[in-house]
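The values are calculated or read from the model by the stated rules, or taken from the named source; none is laboratory data. No experiment lies behind these values; they were computed from the predicted model shown. Every residue, glycine as well, gets a Cβ built from its backbone with ideal geometry; the counts of neighbours run over all protein chains shown.
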Amino acid sequence: MSTASIRLMVDAPLSAGGTLTVTDTQAHYLANVMRAAAGDRLRLFNGADGEWQARIETVSRKAVTLLPLHQTRPQTPPPDIILCFALLKRQKTDLVVEKATELGVSAIRPVITARTQADHVNLARLRAIAVEAAEQCEGLAVPAIAEPIPLPALLQSWPPRPLYVADERRTAPHLRPDPGPAGLLIGPEGGFSDAEIDMIGRHDQVRRISLGARILRAETAAIAALSLFITPAI
């Protein structure tokens, strides 16, 4: 079985001649699933040093040693977009994280609102989903994923960048994002409460936007809106 198409996200620095060792899940994947052997090639990235072709030096059940050979792509930053979305049930949250990573965002921030369907996440699982998505979609970085934050706290701590808020009432203009750093806020199933709509409307950085004539499910809205953000940069 060929390993040439394998891409792995690693935590170690990548440079020519500097060996590194992967253990646990990654070692099991290479040794037992892919049946990798010494001399096989694969690609590595770590979110900082670009993508590298590497050679497998040694293989055991518990550890695999890799030797980076040369850089195949330089590091490029993802679009500086922070995706904020009202926390959904587990499978839908997983889907949003996976697709946001594939499309390319710098950070993902789940938000707790009056109508959210959950109040906590397993950050380790979400990061694993994001890592796998980046490995498969040729990404060079994995977005930072934060603990869920209440909507008032998100707005209070929001940095000086536009925050585009999907308006399901369809009274806002269609999304036409300006270039540069931005944020995108997607509400919960059932929409924001009246009090939340008033609070959002008082924030200086907020720009209400429409995603079209139809009411979209929250996970669909997140993916559709990100596609409109990312497409001009592709």
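For the reader, a short list of remarks on this structure follows.
- Checking Ala63, Ala27 one by one, the residue that is surrounded by 13 or more Cβ atoms within 10 Å (Cβ to Cβ), modelled with pLDDT under 95 and more than 22 Å from Glu138 (Cα to Cα) is Ala63 and no other.
- Residue in the range 135-149 that is acidic (Asp, Glu), within 30 Å of Leu42 (Cα to Cα), at pLDDT 90 or above and surrounded by fewer than 17 Cβ atoms within 10 Å (Cβ to Cβ) present: yes
- Residue check for Ile129: surrounded by 15 or more Cβ atoms within 10 Å (Cβ to Cβ) and in contact with a strand residue (DSSP E or B) (Cβ under 8 Å, 6 or more places away or on another chain): no
- Taking (1) part of a loop (DSSP other than H, G, I, E, B); (2) without any contact (Cβ under 8 Å) to a residue 12 or more places away in the chain in turn, Ala128 satisfies each apart from (1).
- From the options Gly39, Gly50, residue that is in contact (Cβ under 8 Å) with a residue 24 or more places away in the chain and not assigned by TED's automatic domain parsing to the domain that holds Leu154: Gly50
- Among the residues of the range 80-98, those identified as in a loop (DSSP other than H, G, I, E, B) and surrounded by fewer than 19 Cβ atoms within 10 Å (Cβ to Cβ) are Asp80, Lys89.
- Subset of the range 102-111 [crowded, with 19+ Cβ neighbours inside 10 Å, among the aliphatic types (A, V, I, L, M) and not in a loop (DSSP other than H, G, I, E, B)]: Leu103, Ile108, Val111
- Taking the criterion of being closer than 23 Å to Pro159 by Cβ and polar (S, T, N, Q), the only residue of the range 202-225 that qualifies is Gln205.
- If you go through the range 66-79 and pick out every residue that is surrounded by fewer than 19 Cβ atoms within 10 Å (Cβ to Cβ) and under 25 Å from Glu98 (Cα atoms), you end up with 6.
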